[in-house]
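Visitor: Sending over a structure as structure tokens; questions will come in a sec.
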Amino acid sequence: MEAQAVVTGYGEVDILHGVSLRVEREEMVAVIGPNGAGKSTLLKAIFGLLPVRSGEVFLKGEDVTNKRPDQVVVRGLSYVPQVDNVFPSLTILENLQMGAFVRRDGVREKLDQVFALFPDLVGRRSELARRLSGGQRQMLALARALMLDPDVLLLDEPSASLSPKMAGMIFERIATINGSGTAVLLVEQNARQALSLCNRGYVLATGMNRLDGQARGLLENPDVGRLYLGA
Amino acid sequence: MAAGVIGAWGLWALIGALFIWAAVDERQLFVIGLIVGSVLALGAIGLTLIYGILRFGNFAHGDTMMLGAYVAFFFLTGLVKEERRDTSIGFGLGDLPGATDRLGDLSFGYGFLLAAAGAAIVLIAFSVGLDRLVYRKLRQRKSSIVVFSTAAIGVAFALRAVLLIIWGPEPRTYFAGITPKNEYPFDILLKTNEIFTFLVAVGSAAVVYVILFRTKLGKSMRAYSDNPELALVSGINTDRVITWTWVIGGVLLAVAGVLLALQANLKPELGFELLLPLFAAAILGGLGKPQGAFVGALVVGVCQEVSVAYFSAGYKPAVAFVILILILLIRPRGLFGSST
């Protein structure tokens, strides 16, 4: 997946002024940066939730710029929003069925797979999603996004509002998902943890690319450390 | 009184106490109230579905219901108003051989059922067409809920005027003549029409329940109502969800309108009068929650009918209004409404 010089924003205002990044097959890439850098906005623009005013988005070589979300999702991209990422008045099972909405077959097998990945959800499959704890909700949100076997998973701050312990567990699952062949684009405030998990990273600031490179390099970069890692 | 002073359980307990008291003290009126409530429920379910999916109060709901009832009248009798006189277009389904022969103790024959089915088809076309013509444009402009509801009020006025132009202001009935009341256990007197009405209404509500909770389409409608953006992100087709909402709402309105007109006289302003009980029922149940609208409508129906034992029947709309005010005071979220 690749985004080239993406410009987007809300209303009249541009938030991103030409951001580029790429995610290779099976790769795990972090996007970090301060509040208001445009990290979440970037994911929304890639996924067709915000209009791309200039620039292009490619998925597996195909131009998907400004395609509607339901057209993007069938091409192998899945997205987990930061908040409101489950259907609260649907059961856990129904949430997952909705994740597989455009899937024609193999729903049952896929359900077994995601329940194996998130065993906490198995026993609660007929409970309403609103009854879940924050961590369980996040697991359900991840599980929902996996129902279509995406090639690339876009995650918007999966650790936000979770306890450190729960956040660690979620990151562990994300690493497992990536290990089984799904590329991940991870937007995070929690920069140190995100970088230590990823192959590469991008640093955004005020809607522009600031730095990029191997995750290890970024972790050791004194500028990054001073600005974003609280070192 | 502060808003939301009692929980859902408190409200259920209140309703339970009310129903037990009504069932013991005013048996006959209680049963009639359930029948009236079951018809209201069809309207209230449609209203709440449209609110849940499209996020606006459809003030044209009552008048659309009347459109359904009048269209069935037209299919049955072929009558329209022309130059202030009833004129027949020459054919109605009632003219088919044996179409008005009464089915058992019911007041109607198979012609009426065909006319009702025809009305349902017309209302589907009307509702989906209206969405394309009016509401879709407002969605594309991302209009606010106020603009949507104002547009719906405009549709309501226009519809009522059209009904007046085509069929005139005088009350209409599907069938003249009287049908006997039969005696049932606990000294309850009911016409077979009333039992038919109740069964059809509850059956239709059950079908909607199965659609919403057991089919993929229904689940996607509930998902969309819960979180439209996540539904979009999951690949759920928004246009299809909205179209089906109008289809289901249209069928329910046709059935409700026809059943209502079977009990009472049909007149153009009845739809507007129904708006209050419909909204009271939907809000009592929790806006956007079809199962809530069903319970809410039964409560409104029972309260309205039982009130006749104490006040003049002319106060029925006031009863709905009082329920609406009370629920907004003590639990604005209603029975099934959630805080999130």
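Visitor: Only one residue in B:Leu284, B:Leu278, B:Leu259 is in a helix (DSSP H, G or I) and under 17 Å from B:Val200 (Cα atoms). Which one?
Guide: Within the list B:Leu284, B:Leu278, B:Leu259, the selection yields B:Leu259.
This table checks each residue for (1) aromatic (Phe, Trp, Tyr); (2) within 15 Å of the chain's Cα centre (by Cα); (3) more than 14 Å from chain A (Cβ to nearest Cβ).
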site	(1), (2), (3)
B:Arg240	no, no, no
B:Leu252	no, yes, yes
B:Glu273	no, yes, yes
B:Pro277	no, yes, yes
B:Pro290	no, yes, no
B:Phe294	yes, yes, yes
B:Ala313	no, no, yes
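Visitor: Just one of B:Ala152, B:Ala161, B:Ala125, B:Ala116 is out of contact with any Pro (no Cβ under 7 Å at 6 or more places or on another chain), modelled with pLDDT of 90 or more and over 29 Å from B:Arg240 (Cα atoms); which is it?
Guide: After applying the criteria, what remains is B:Ala161.
Visitor: Looking at segment A:50-61, can you tell me whether even one residue there is touching a Gly at 6+ places or on another chain (Cβ under 8 Å) and at the interface with another protein chain (Cβ under 10 Å from one of its Cβ atoms)?
Guide: Taking every residue of segment A:50-61 in turn, none turns out to be touching a Gly at 6+ places or on another chain (Cβ under 8 Å) and at the interface with another protein chain (Cβ under 10 Å from one of its Cβ atoms).
Visitor: Next up: Assigned to a helix (DSSP H, G or I), of a type in the set (Val, Ile, Thr), more than 30 Å from B:Lys289 (Cα to Cα) and away from every other protein chain (no Cβ under 14 Å): is that true of A:Thr65 in this structure?
Guide: No, not satisfied.
Visitor: Let me ask you something else. Restricting segment A:85-114 to residues that are closer than 22 Å to B:Met221 by Cα and among the basic types (Lys, Arg), which is nearest to the other protein chains (Cβ to nearest Cβ)?
Guide: Of everything passing the filter in segment A:85-114, A:Arg103 is nearest to the other protein chains (Cβ to nearest Cβ).
Visitor: Let me ask you something else. Suppose we filter segment B:237-286 for residues that are surrounded by fewer than 23 Cβ atoms within 10 Å (Cβ to Cβ), among the hydrophobic types (A, V, I, L, M, F, W, C) and more than 28 Å from B:Cys303 (Cβ to Cβ); how many remain?
Guide: Matching residues across segment B:237-286 total 4.
Visitor: Further, regarding this structure: Consider segment B:61-112. How many of its residues are in a helix (DSSP H, G or I) and either of a type in the set (D, E, K, R) or buried (at least 16 other Cβ atoms within 10 Å of the Cβ) (or both)?
Guide: Final tally of qualifying residues: 22.
Visitor: Does B:Gly292 count as touching a residue at least 60 places away in the same chain (Cβ under 8 Å), assigned to a helix (DSSP H, G or I) and either surrounded by fewer than 21 Cβ atoms within 10 Å (Cβ to Cβ) or touching a Leu at 6+ places or on another chain (Cβ under 6 Å) (or both)?
Guide: yes
Visitor: Sort through B:Ile145, B:Ile124, B:Ile35 and tell me the only one that's in contact (Cβ under 8 Å) with a residue 24 or more places away in the chain, within 18 Å of the chain's Cα centre (by Cα) and either farther than 30 Å from B:Thr192 by Cα or surrounded by fewer than 21 Cβ atoms within 10 Å (Cβ to Cβ) (or both).
Guide: B:Ile124
Visitor: Then there is this: Exactly one of (1) in contact (Cβ under 8 Å) with a residue 12 or more places away in the chain; (2) within 14 Å of chain A (Cβ to nearest Cβ); (3) not hydrophobic (A, V, I, L, M, F, W, C) is unmet by B:Lys219. Its number?
Guide: (1)
Visitor: So A:Gly48 passes all but one of these: (1) assigned to a loop (DSSP other than H, G, I, E, B); (2) touching a residue at least 24 places away in the same chain (Cβ under 8 Å); (3) farther than 23 Å from A:Val122 by Cα; (4) in contact with a Leu (Cβ under 6 Å, 6 or more places away or on another chain). Which condition number does it fail?
Guide: Of the numbered conditions (1) assigned to a loop (DSSP other than H, G, I, E, B); (2) touching a residue at least 24 places away in the same chain (Cβ under 8 Å); (3) farther than 23 Å from A:Val122 by Cα; (4) in contact with a Leu (Cβ under 6 Å, 6 or more places away or on another chain), the odd one out for A:Gly48 is (4).
Visitor: In segment B:302-319, which residue that is part of a helix (DSSP H, G or I) and among the aliphatic types (A, V, I, L, M) is surrounded by the most Cβ atoms within 10 Å (Cβ to Cβ)?
Guide: Out of the qualifying residues, it is B:Val302.
Visitor: For segment A:130-166, which positions are surrounded by fewer than 21 Cβ atoms within 10 Å (Cβ to Cβ), away from chain B (no Cβ under 14 Å) and in a helix (DSSP H, G or I)?
Guide: Within segment A:130-166, A:Gly135, A:Gln136, A:Pro164, A:Lys165, A:Met166 qualify.
Visitor: Moving to a separate point now. State which residue pairs qualify: first residue within 9 Å of another protein chain (Cβ to nearest Cβ) and inside segment A:71-84, second residue surrounded by 19 or more Cβ atoms within 10 Å (Cβ to Cβ) and of a type in the set (D, E, K, R) in any location, beta carbons under 6 Å apart, and separation of 6 or more residues or different chains.
Guide: Close Cβ pairs satisfying both conditions: A:Pro81/A:Asp156.
The values are calculated or read from the model by the stated rules, or taken from the named source; none is laboratory data. Please read all numbers here as calculations on a predicted model, not as lab measurements. For neighbour counting, all protein chains shown are included, and Cβ atoms are generated from backbone atoms with ideal geometry for every residue, glycine included.
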